[in-house]
Amino acid sequence: MTTDSLRSGPGANGRTSGDRARLPVREHLPACGPAAASGVPVLDVVVPVYNEEKDLRPCVLRLHDHLSRTFPYAFRITVADNASTDSTPAVAAALAAELRGVRYVRLEEKGRGRALRTVWSESDAPVLAYMDVDLSTDLNALLPLVAPLISGHSDLAIGSRLARSARVVRGSKREFISRAYNLILRSSLAAGFSDAQCGFKAVRSEVAERLLPMVEDSGWFFDTELLVLAERAGLRIHEVPVDWIDDPDSTVHIVRTATEDLKGVWRVGRALAVGALPLDRLARPFGDDPRDRALTGVERGLARQLVGFCVVGVLSTLFYLALYSLFRLGVGPQLANGGALLVSAVANTAANRRLTFGVRGRDGAVRHQAQGLVVFAIGLALTSGSLAALGAATGSPSHSTELAVLITANLAATVLRFLLLRAWVFPARACPEPEPEPDSEPDSDSEDVR
């Protein structure tokens, strides 16, 4: 069977180009209905292969038996052949003829990412998954993998060999490479998922429809790019700890794959930095995320503001101490303290205005700085009073003692400073209600501001 026979996929689901501004609301997929009655499966599991004549048949037989016995929805297994040169095509064709719910797709170019993009883009199943032909991952994790997607809870799901409760058997070399690679992703692309390369993933079809055109890689980096873009767009990624046993006969070229992956990390990082990707196309409608819903009597954003305030506070304190040490070389402690506090206070107010309380633009900037200076005066009174008390008590304190007293005084003023900034300088404003969607399509010459 060729890819021409798969043209009944997401592109034929009745959505028009005018609906592409945002993703639909996630809904629980029904166990039965018109789609099930017409033979459309809920789950399409893709097994990409290249020259796997030995492992393909036992893999598909085992997977088919497992799904037939345990999976409560209609399913399909798609063998995606990446231009194999051995007898893999014949084995796959025989399986498709022998087993109900198994089909075979032939691609004339290699690349796991290319195979997944081709089959996923043209599948008619609402949940799309894939797994490696070696079945290193225990199949008991398959239902937990796709259940959050079927229920509408999540957008993507991945198996994780690095989760705390995962059970993994593999060599130290591969363990080191895997952990090092995921550490690179976390440090360079701020990835929050734990395992990018486990060959055990799933995605809802409406997400794949929007996400796949943004993914450039057609090889092993395909998984990572898919996950990074999904996470940056705010989609929910569910992780399943897996039991995983390394395949000693695996033919992955580690050095070449690692090189291509690092190139991909650089390319994606650069694209994200310059805003070259239309991630807004992956936004869910307002109200689909519980964070969109205002609750009466519950303050919003407090936790985020506390984190931002603490980060800015730590950086401001370090900046202040550096300035104090610099000014102290030429003037007395009181002047050094006042000058360091004044400069750091201006920087602190500007940073909290933008990063902690999310105030953008120049409107009110002068007023905010003036109010910030009042807060600064409180800090100056506390720290200057502490220095004066120290001088009166010891006469000639050491530099390290002065620093210790100043740190203590700054910590004492921190809580009061946050409260004043939150309640007086940057008071919370009511969030505007979202505008309702227009009933009709916008005029062709109007600008789409979504």
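Brief remarks on what is shown
- Test: residue in the range 34-48 that is assigned to a loop (DSSP other than H, G, I, E, B), open to solvent by 50 Å² or more (accessible area, probe 1.4 Å) and modelled with pLDDT of 50 or more: yes
Rundown of residues vs (1) modelled with pLDDT of 95 or more; (2) farther than 15 Å from TYR130 by Cα; (3) part of a helix (DSSP H, G or I); (4) open to solvent by less than 40 Å² (accessible area, probe 1.4 Å), yes/no style:
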| position | (1), (2), (3), (4) |
| --- | --- |
| ARG69 | yes, yes, yes, no |
| ILE77 | yes, no, no, yes |
| VAL91 | yes, yes, yes, yes |
| LEU95 | yes, yes, yes, yes |
| TYR104 | yes, no, no, yes |
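- Hey, ALA428 part of a helix (DSSP H, G or I), modelled with pLDDT under 75 and not acidic (Asp, Glu) or not: no
- Scan the range 388-402 for residues that are open to solvent by 40 Å² or more (accessible area, probe 1.4 Å) and in contact with a helix residue (DSSP H, G or I) (Cβ under 9 Å, 6 or more places away or on another chain) and the total you get is 5.
- Residue check, LEU295 at pLDDT 75 or above, open to solvent by 80 Å² or more (accessible area, probe 1.4 Å) and assigned to a loop (DSSP other than H, G, I, E, B): no
- Only one of GLY372, GLY391 that is in a helix (DSSP H, G or I), assigned by the TED database to the domain that holds LEU420 and over 22 Å from LEU419 (Cβ atoms): GLY391
- Scope the range 326-342; condition surrounded by fewer than 19 Cβ atoms within 10 Å (Cβ to Cβ) and free of Cβ contacts under 8 Å to residues at least 24 places away in the same chain; matching residues: LEU326, PHE327, LEU329, GLY330, VAL331, GLY332, LEU335, GLY339
- PRO126 fulfils the conditions (1) surrounded by 20 or more Cβ atoms within 10 Å (Cβ to Cβ); (2) in contact with a Gly (Cβ under 7 Å, 6 or more places away or on another chain) except for a single criterion, (2).
- Of all residues in the range 219-243 being part of a loop (DSSP other than H, G, I, E, B) and of a type in the set (Phe, Trp, Tyr), the one that is surrounded by the fewest Cβ atoms within 10 Å (Cβ to Cβ): TRP220
- Residue in the range 82-98 that is within 20 Å of VAL215 (Cα to Cα) and assigned by the TED database to the domain that holds VAL60 present: yes
- Hey, ALA413 assigned by the TED database to the domain that holds LEU321 and either at pLDDT 80 or above or touching a strand residue (DSSP E or B) at 6+ places or on another chain (Cβ under 7 Å) (or both) or not: no
- Test: LEU145 is out of contact with any Cys (no Cβ under 6 Å at 6 or more places or on another chain) and surrounded by 14 or more Cβ atoms within 10 Å (Cβ to Cβ): yes
- Residues that are under 27 Å from ALA147 (Cβ atoms), open to solvent by 20 Å² or more (accessible area, probe 1.4 Å) and at pLDDT below 85, drawn from the range 168-203: ARG170, ARG186, GLN197
The values are calculated or read from the model by the stated rules, or taken from the named source; none is laboratory data. Since the model is a prediction, treat every value here as computed from it, not as a measurement. Here Cβ is always computed from backbone atoms with ideal geometry, including for glycine, and neighbour counts include all displayed protein chains. Note: areas computed on protein heavy atoms with side chains; ligands, DNA, RNA excluded. Shrake-Rupley method; radii C 1.70, N 1.55, O 1.52, S 1.80 Å.
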